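Read the structure below first, then the notes.
The values are calculated or read from the model by the stated rules, or taken from the named source; none is laboratory data. Small disclaimer: the values here were computed from a predicted structure and weren't measured. As a convention, Cβ positions derive from the backbone with ideal geometry for all residues, glycine included, and neighbour counts pool all protein chains shown.
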Amino acid sequence: MTLKLKVRTSAQNDLLEIWRFVAVNDADAADRLLDRIDKVFAMLADHALAGRARPELGAGVRSFPTGSYIVFYRYDDGGTIDVVRVLSGFLDFGDDDFL
């Protein structure tokens, strides 16, 4: 069952920043990276529980890695995958990043 996908503004901003960071050296690589992240979004819409539960980051937060980036999302029983953030795995983050 494919669920509805919602990408929050915070995650859209993250994706733009990721693209800009990578595109400084290679715009084609930046495009490929965002395509790979989009495929993760689609996979999560089909397999909502594929990501690891991250209760330390907030109620219902789950994460799924793709390369050196991590997709953070929530899944609700109403059938929606809510992508909250997409962050580098090299960053320090806490529960205040997922409000």
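For the reader, a short list of remarks on this structure follows.
- Subset of the range 29-81 [closer than 17 Å to Leu3 by Cβ, of a type in the set (Phe, Trp, Tyr) and assigned to a strand (DSSP E or B)]: Phe64, Phe72, Tyr73, Tyr75
- Flag for Arg62 being touching a strand residue (DSSP E or B) at 6+ places or on another chain (Cβ under 6 Å) and surrounded by fewer than 12 Cβ atoms within 10 Å (Cβ to Cβ): no
- Some residue of the range 29-41 being at pLDDT 95 or above and in contact with a Lys or Arg (Cβ under 9 Å, 6 or more places away or on another chain): yes
- Which listed residue, of Gly58, Gly51, Gly94, Gly89, is touching a Lys or Arg at 6+ places or on another chain (Cβ under 7 Å) and either free of Cβ contacts under 8 Å to residues at least 60 places away in the same chain or of a type outside the set (Lys, Arg) (or both): Gly51
- Some residue of the range 85-94 being among the charged types (D, E, K, R), loosely packed, with under 14 Cβ neighbours inside 10 Å and not in a loop (DSSP other than H, G, I, E, B): no
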